[in-house]
Amino acid sequence: MLPLVLAGTAVLLASGLAGLRRAAPDAARRIVYGSSLGLCAALALAGLAALGAPPTVLRLPLFVPWVGAWFRLDPLAGFFLFVVNLGGAGASLYGLGYGRHEPTPERVLAFYPAFLAAMNLVLLAADAFGFLFAWELMSVTSWALVVAHHHEPGNRRAGFLYLLMATLSGLALLLAFGLLAGPAGDYGFAAMRAARPAGGAAALALLLALAGTGAKAGLMPLHAWLPEAHPAAPSHVSALMSGVMTKVAVYAFIRIVFDLLGGPPWWAAVVVLALGGATAVLGVLQALLQRDLKRLLAYSTVENIGIVFIGLGLAMAFRADGDPIGAALALTAALFHVFNHAVFKSLLFYGAGAVQAATGSRDMDALGGLIHRMRLTSFAVLVGCGAISALPPLNGFVSEWLTFQAILLHPDLPQWGFKVMLPADGALLALAAALAAACFVKAYGITFLGRPRSQAAATAMEVDGFSRATMAGFAALCLLGGIFPGVMIDALAPVAHALLGTRLPAQLALPWVTVVPVAAARSSYNGLLIFLFIATATSLTVLAIHRFASHAVRRSPAWDCGFPDPSPATQYTADSFAQPIRRVFAASLFRAREVVTMPPPGDTGPATIEKTFCDPFWDWGYAPVAGWIDRAATTLNVLQFLTIRRYLSFVFLALVTLLLAVALWG
Amino acid sequence: MGGFGFDVAHMLAGLLVLASLTMLYQDRLVALINVLAAHALILSASVAWQAHLQGAPDLYVTAAIAFGFKAVFIPWALRRIVRELGVHREIETVVGIGPTMLAGIGLVALSLEVMLPVTAAADPVARQDIALALSVVLIGLLIMVTRRNAVSQVVGFLSIDNGISLAATGARGMPLVVEISVAFSVLVAFIVIGIFLFRIRERFDTVDLGALDEFSGERQ
């Protein structure tokens, strides 16, 4: 099957050429998105099939002639193949309709299939060279998509920042692989797996891998590019970058840490847990402060990556402590959340794209009341918001519940780091979940409820059929994932078995699709029961209301406090909704300030309120580094204007110095 | 191969280094070019001896190319250039001859010190050749660094190429194609540099590189 998968990826890579036809953009759009849809669906099925199959390996005579390129399809790669191509198929279906609004389609169509193919290649590569090649291809193609609308203000800066961070991530991974390969210099994953470096080299490789994959996934403090770059791309590409590409980075982390490295030291798990917890809470706090719908979603991606990394950190901790069942539970929770986040974040970005297409705006304070104009979109987004806020019976609840189960499994690991970190992470996770709920109440309430805040929102039209079908499909996936979590947990069992040597007990054998991750005495969950209860209770309530109250309803002007026809500006805004949380949490963390300026008596000018907040990572992390680099570059600028003889002297002196070093230490 | 073959090869390589050192203290352009011709002559003799030692007839072609191009044609053309430019009387070294010579001797010692331990397993002839060739290359760089006149920089560049040729022919099995292409690239480089010399002269009325620096673009 692996040759077929590779062939499919190659066709995907080539189908971008069809997007270059500027003469017939409609035909090009249909060809590119249609073929991507078909290929992604096929690849997703192949990934599912690979979950239960033994690993297959293939060597192709590509790249370096005498080394070749190795490819491997094992359960881990199969699971991520499924997630990536599910997201890819959704984005392609959505793009069939949404792509109509694209002002410069050739800038998107040419790179879109290549981006999908590159992500697939990362998952399939089984040597460092092919992996890094695919990784960089993924970065470059997604960068091209980020700067597709490069005339809009800020997008080019976002693209530049993204390119910088992608370079940093590639460099860190390059060095990590260099350490893993060891002195023999074999860059095949099989050789690295056999070599199992230990001690300082392994620890350094792990930290480099964490930096390299974290920079791509949006782990703090390397997340600053993500909320800039993800919203800049067209919406279905934003969905791919946020929902899928970050998962490819998670895959890379799992591949390196759990597969290639073997047993990392226990303190590494503490680092991952700390970063994951901080990322989850700070990400959602920043999401709460946003007014731009897509930026809010991008910050929420940072939060969810934090949750995934908490799960991975737990798995590392339990593994270092010799508890394979706990590790399998935590890993399953993390992977389940990977799938869930891919589904609901894609759905929410499709919804944001639909809102943008219908109203031309992503600013929540220019929206409102869309639930009357875009019925299906608003319902699908409501499902997505519920899922991302971890409400049962939707899928987001199950994975976060499983993560909590993993934390509660062993609150008393012997190492002091875990004694501090596990309870702290439990608290941070709970806080993040609560804040995420508040965040999405805000996002949904301000955008879809209330009255329209602008003419565009008041006259918005529901989007096309392709977009609606995609959103409905993904909303259904959110529900199905929450009702039948046992299917996913059982599907993930081979992955856990391949990486950790053990698996969770089979869930599908249990009656009434109950989920019992470890033991019934501890905890169990039945999504179907909750769903049936909610559905029955709601139906009965609706029935009762219609039976006894509907005939008594009469429509009349609302009581309006003596102000007839108040302006929509008197409603809650995005900022006013977030004000309590901003004051409590962000005042110290992000130095959020409000300045109210009242005009003096007699002055007819308006009163103003100004809100400011700053990003500590930017001000204390990125800005100083950028300053140092700038100063160093200015200092070194002198070197550009030397005489030829000086340059020759530099070459000569460098050569002599190196030779001296060889002579002295050789 | 007996001791005699090794001795001769060693002597020829040593002579090449000696010629390089001689170049370092020539303070007239014409004399410098004469030494360059001698340098190339020694190189072609060394290559021919390698051909005899290794029993590789294609190295004779290499030797012939070295003789024809490097020992006869290029020096002749350089002499013409010097005469045409009217610079055959001048030369200016940047550092004094004493320190330059000391530096050159130091470079020879350094390259022996570096190369001999590294190539301990290699064939003794190739070993000596490579070590001495590195010193020829380093001295060539030193010539380029210490001289100010464009013509003498060309001479330094050509002597570097001679050193590379020595190292390449010392090792067995270098294909003739490589040698021919290297020879031609040197020729092309020489032609380009020659044309540049005349253009520089036309434009700035001197071939002193110090004068060029005043015109380097974008100086702040």
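The values are calculated or read from the model by the stated rules, or taken from the named source; none is laboratory data. These numbers were taken from a predicted model, which means no experiment stands behind them. Glycine also receives a Cβ, built like all others from the backbone with ideal geometry; neighbour counts cover every protein chain displayed. Ligands, DNA and RNA are stripped out before the accessible areas are found, and what is left, the full protein with its side chains, is counted by its heavy atoms. Shrake-Rupley method; radii C 1.70, N 1.55, O 1.52, S 1.80 Å.
Residues are listed down the side, and each one gets a yes or a no for (1) closer than 27 Å to A:Ser36 by Cα; (2) free of Cβ contacts under 8 Å to residues at least 12 places away in the same chain; (3) more than 15 Å from the chain's Cα centre (by Cα):
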{"position": "A:Leu208", "(1), (2), (3)": "no, no, yes"}
{"position": "A:Ala215", "(1), (2), (3)": "no, no, no"}
{"position": "A:Leu219", "(1), (2), (3)": "no, no, no"}
{"position": "A:Leu240", "(1), (2), (3)": "yes, no, no"}
{"position": "A:Arg255", "(1), (2), (3)": "yes, no, yes"}
{"position": "A:Leu275", "(1), (2), (3)": "no, no, yes"}
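List the pairs whose first member sits in the range A:132-145 and is among the acidic types (Asp, Glu), whose second member is crowded, with 21+ Cβ neighbours inside 10 Å and at pLDDT 90 or above, and whose Cβ atoms are under 8 Å apart, counting only residues at least 6 apart or on separate chains?
Matching pairs, first to second residue: A:Glu136/A:Ala166.
Kindly list the number of the only condition in (1) at pLDDT below 90; (2) open to solvent by 10 Å² or more (accessible area, probe 1.4 Å); (3) within 18 Å of A:Gly482 (Cα to Cα) that fails for A:Leu289.
Checking A:Leu289 against (1) at pLDDT below 90; (2) open to solvent by 10 Å² or more (accessible area, probe 1.4 Å); (3) within 18 Å of A:Gly482 (Cα to Cα), the one that fails is (3).
Just to check your reading of the model, which residue among A:Val487, A:Val495, A:Val463 is among the β-branched types (Val, Ile, Thr) and open to solvent by 30 Å² or more (accessible area, probe 1.4 Å)?
Working: A:Val495 fails: open to solvent by 30 Å² or more (accessible area, probe 1.4 Å); A:Val463 fails: open to solvent by 30 Å² or more (accessible area, probe 1.4 Å).
Unique residue meeting the criteria: A:Val487.
Among the residues of the range A:419-452, write down those that are over 25 Å from A:Leu285 (Cα atoms) and surrounded by 19 or more Cβ atoms within 10 Å (Cβ to Cβ).
Across the range A:419-452, the qualifying residue is only A:Pro452.
Just give me the residues in the range B:128-141 being open to solvent by less than 20 Å² (accessible area, probe 1.4 Å) and away from chain A (no Cβ under 14 Å), in sequence order.
Hits for the range B:128-141 are B:Asp129, B:Leu132.
Right, A:Ala203: of a type in the set (A, V, I, L, M) and open to solvent by 30 Å² or more (accessible area, probe 1.4 Å) or not? Working first, answer last.
Numbers: of a type in the set (A, V, I, L, M): yes; open to solvent by 30 Å² or more (accessible area, probe 1.4 Å): no.
Taking the combined requirement at face value, the residue does not satisfy it.
Please count how many residues of the range A:590-608 are surrounded by 10 or more Cβ atoms within 10 Å (Cβ to Cβ) and part of a strand (DSSP E or B).
Of all residues in the range A:590-608, those surrounded by 10 or more Cβ atoms within 10 Å (Cβ to Cβ) come to A:590-594, A:597-599, A:608.
After this cut, where a residue has to be part of a strand (DSSP E or B) as well, the list is A:593-594, A:597, A:608.
The number of residues fulfilling the criteria is 4.
Kindly indicate the residue of the range B:82-111 that is crowded, with 17+ Cβ neighbours inside 10 Å and within 13 Å of another protein chain (Cβ to nearest Cβ) and also modelled with the lowest pLDDT among those meeting that condition.
Among residues in the range B:82-111 that are crowded, with 17+ Cβ neighbours inside 10 Å and within 13 Å of another protein chain (Cβ to nearest Cβ), the one modelled with the lowest pLDDT is B:Thr93.
Among the residues of the range A:91-107, how many are closer than 25 Å to A:Ala134 by Cβ and modelled with pLDDT of 85 or more?
The number of residues fulfilling the criteria is 5.
Quick one: A:Ser15 ticks every box in (1) in contact with a Leu (Cβ under 7 Å, 6 or more places away or on another chain); (2) open to solvent by less than 50 Å² (accessible area, probe 1.4 Å) except a single one, so which number is it?
Result: A:Ser15 fails condition (1) only.
Here is a yes/no grid of residues against (1) assigned to a loop (DSSP other than H, G, I, E, B); (2) in contact with a Gly (Cβ under 9 Å, 6 or more places away or on another chain); (3) open to solvent by 20 Å² or more (accessible area, probe 1.4 Å); (4) within 11 Å of chain A (Cβ to nearest Cβ):
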| site | (1), (2), (3), (4) |
| --- | --- |
| B:Phe67 | no, no, yes, no |
| B:Val72 | no, no, yes, no |
| B:Leu78 | no, yes, no, no |
| B:Ala126 | no, yes, no, no |
| B:Ile143 | no, yes, no, yes |
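Within the range A:476-516, how many residues turn out to be of a type in the set (Gly, Ala, Ser) and more than 26 Å from the chain's Cα centre (by Cα)? Steps first, answer last, please.
Applying the first criterion (of a type in the set (Gly, Ala, Ser)) to the range A:476-516 yields A:476, A:481-482, A:486, A:491, A:493, A:496, A:498, A:501, A:506, A:509.
Going one step further and asking which of them are more than 26 Å from the chain's Cα centre (by Cα), we end up with A:501, A:506, A:509.
Of the residues in the range A:476-516, 3 are of a type in the set (Gly, Ala, Ser) and more than 26 Å from the chain's Cα centre (by Cα).
Has the range A:560-575 got any residue that is among the hydrophobic types (A, V, I, L, M, F, W, C), away from chain B (no Cβ under 14 Å) and surrounded by 11 or more Cβ atoms within 10 Å (Cβ to Cβ)? Please lay out each step first, then the result.
Of the range A:560-575, the ones among the hydrophobic types (A, V, I, L, M, F, W, C) are A:561, A:563, A:569, A:574.
The next check asks that each one be away from chain B (no Cβ under 14 Å); those that pass are A:561, A:563, A:569, A:574.
Going one step further and asking which of them are surrounded by 11 or more Cβ atoms within 10 Å (Cβ to Cβ), we end up with A:574.
Yes.
Test of understanding: among A:Val64, A:Val57, A:Val84, which residue is within 17 Å of A:Ser238 (Cβ to Cβ) and either open to solvent by 10 Å² or more (accessible area, probe 1.4 Å) or touching a residue at least 40 places away in the same chain (Cβ under 8 Å) (or both)? Give the derivation first.
Values: A:Val64 fails: within 17 Å of A:Ser238 (Cβ to Cβ); A:Val57 fails: within 17 Å of A:Ser238 (Cβ to Cβ).
Of the residues listed, the single one that is within 17 Å of A:Ser238 (Cβ to Cβ) and either open to solvent by 10 Å² or more (accessible area, probe 1.4 Å) or touching a residue at least 40 places away in the same chain (Cβ under 8 Å) (or both) is A:Val84.
Of all residues in the range A:609-634 being assigned to a helix (DSSP H, G or I) and of a type in the set (Val, Ile, Thr), which is nearest to the other protein chains (Cβ to nearest Cβ)? Full working, then the answer.
Keep residues of the range A:609-634 that are assigned to a helix (DSSP H, G or I), which gives A:616-634.
Still in the running and of a type in the set (Val, Ile, Thr): A:625, A:629, A:634.
Values: A:Val625: 26, A:Ile629: 20, A:Thr634: 11 Å.
The qualifying residue nearest to the other protein chains (Cβ to nearest Cβ) is A:Thr634.
Just one of A:Ala194, A:Ala184, A:Ala211 is open to solvent by 10 Å² or more (accessible area, probe 1.4 Å) and part of a loop (DSSP other than H, G, I, E, B); which is it? Lay out the reasoning, then the answer.
Details: A:Ala194 fails: part of a loop (DSSP other than H, G, I, E, B); A:Ala211 fails: part of a loop (DSSP other than H, G, I, E, B).
Within the list A:Ala194, A:Ala184, A:Ala211, the selection yields A:Ala184.
A:Pro54 fails exactly one of the following numbered conditions: (1) within 29 Å of A:Ala328 (Cβ to Cβ); (2) modelled with pLDDT of 90 or more. What is the number of that condition?
So the condition that A:Pro54 fails would be (2).
I need a count of the residues in the range A:23-39 that are more than 14 Å from A:Arg100 (Cα to Cα) and surrounded by fewer than 14 Cβ atoms within 10 Å (Cβ to Cβ).
Result for the range A:23-39: 1.
Could you check, for the range A:111-128, whether at least one of its residues is within 30 Å of A:Leu4 (Cβ to Cβ), open to solvent by 20 Å² or more (accessible area, probe 1.4 Å) and in contact with a helix residue (DSSP H, G or I) (Cβ under 9 Å, 6 or more places away or on another chain)? It would help to see each step written out before you state the result.
Pass one, the range A:111-128, residues within 30 Å of A:Leu4 (Cβ to Cβ): A:111-128.
Imposing the further condition that a residue be open to solvent by 20 Å² or more (accessible area, probe 1.4 Å) reduces the set to A:111, A:121.
This time we only want the ones that are in contact with a helix residue (DSSP H, G or I) (Cβ under 9 Å, 6 or more places away or on another chain), so: A:111, A:121.
Within the range A:111-128, one or more residues are within 30 Å of A:Leu4 (Cβ to Cβ), open to solvent by 20 Å² or more (accessible area, probe 1.4 Å) and in contact with a helix residue (DSSP H, G or I) (Cβ under 9 Å, 6 or more places away or on another chain).
One residue is enough: does the range A:335-348 have a residue meeting the conditions open to solvent by 10 Å² or more (accessible area, probe 1.4 Å) and more than 17 Å from A:Asn304 (Cβ to Cβ)? Walk me through how you get there before you give the answer.
Within the range A:335-348, the first condition is being open to solvent by 10 Å² or more (accessible area, probe 1.4 Å), and the residues that meet it are A:339.
Next, from what is left, pick out any that are more than 17 Å from A:Asn304 (Cβ to Cβ): none.
Looking through the range A:335-348, none of the residues is open to solvent by 10 Å² or more (accessible area, probe 1.4 Å) and more than 17 Å from A:Asn304 (Cβ to Cβ).
Residue check, A:Ala472 against (1) assigned to a helix (DSSP H, G or I); (2) open to solvent by 50 Å² or more (accessible area, probe 1.4 Å), all met but one. Which one?
(2)
Can you name every residue in the range A:635-650 that is closer than 21 Å to B:Thr146 by Cβ and facing another protein chain (nearest Cβ under 7 Å)?
A:Thr643, A:Ile644, A:Arg645, A:Leu648, A:Ser649, listed by residue number.
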